[in-house]
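One structure below.
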Amino acid sequence: MKRSVIPQLLLIAALLLAIFWRDPSFDRRQLHSVPANLAVVLRRIAVVLLLGGAAVLAMTIASSQVRVFAFTFKRPFLWLAIVLLYPLTSAPAQELIFRVFIFHRYQALFTGAWAMILASTCSFALAHLQLGNVVAPTLSVFGGMRFAYTYANTRSLPVVSLEHGLWGDWIFTIGLGAYFYGGHFSRAAPRTPDGPPRISRLNPGRRACTASISTSVSPTTSICRPSAGRAGAPNAVSDNCAHARIPSVHRHLVIPL
């Protein structure tokens, strides 16, 4: 079951703001100021986004694991809501935690600029391990390093939040957002056309194998058969699924057992 981590992020960000407000050693200008060379910084952000965004798009197309732009066209209103709200909610909260807090709290431990950038990058990537897939932490290494570099050179939460928000919008637009939106994804389940694999769980002791069938996806569904399991566990389910070929149709099949 997917659970959004945004409420937790916002709560942690609010607590950090309260701590910063009472910390006399913290420079509050980092929360609202922008650098004097803002135009130069924005040009650099745009160039990196264009080149890096094109590279991520090319790798996504080459992997054939995600239907590129499917989410954007299938759910345009949800996509628009994410594009508008992500830079205003999730991105600033993450930057407050992994850039502003990490830089302020551990600057005495990591004295060099690049040491501080690497520390922030590692913490950012490790936090994405809980999403249960390889894509999120891998992209977070590159994204975290870029955001940490921007913050190290600007000390501006608005600027680094803008860059993070633009990258997040692009990730969701091309179809990789499902890898970053909370919860865990099981490898055993068939993948859906709009994102990574998932398993629908109806109730304790019962399981449903979900398959997305379309003309562009292999028309195979997994049928999970109950096994004897251990004594006293009549609802035990075997992890081994028999695969059956079915006609190609445009729908989702949920087979409860």
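Values in this text are rule-based calculations from the coordinates and carry no lab data. None of the values given here were measured: they were computed from a predicted structure. We place every Cβ from the backbone using ideal geometry, glycine too, and count neighbours over all the protein chains shown.
Using 1/(1 + (r/R0)^6) with R0 = 30 angstrom and r between the beta carbons of Phe110 and Leu31, what's the FRET efficiency to the nearest 0.05? Before the final figure, lay out each step's value.
Numbers: r = 21 Å, r/R0 = 0.71.
The pair Phe110/Leu31 has a calculated efficiency of 0.90.
Gain in length, Ala55 to Leu129, computed as 0.36 nm per residue apart minus the alpha-carbon separation, to one decimal in nm? Please list the in-between numbers first.
On the way: separation 74, 0.36 × 74 = 26.64 nm, distance 2.26 nm.
Taking Ala55 through Leu129 to full extension adds about 24.4 nm, to one decimal.
Could you check the spin-label model distance between Thr89 and Ser64? Points 7 Å from the Cα along Cα→Cβ, value in nm.
Each label point is offset 7 Å from its Cα along the Cβ direction, giving 3.7 nm.
Based only on other Cβ atoms within 10 Å, what is the fewest-to-most ordering of Arg29, Arg99?
On the way: Arg29 11, Arg99 28.
Final ranking by Cβ density, sparse to dense: Arg29, Arg99.
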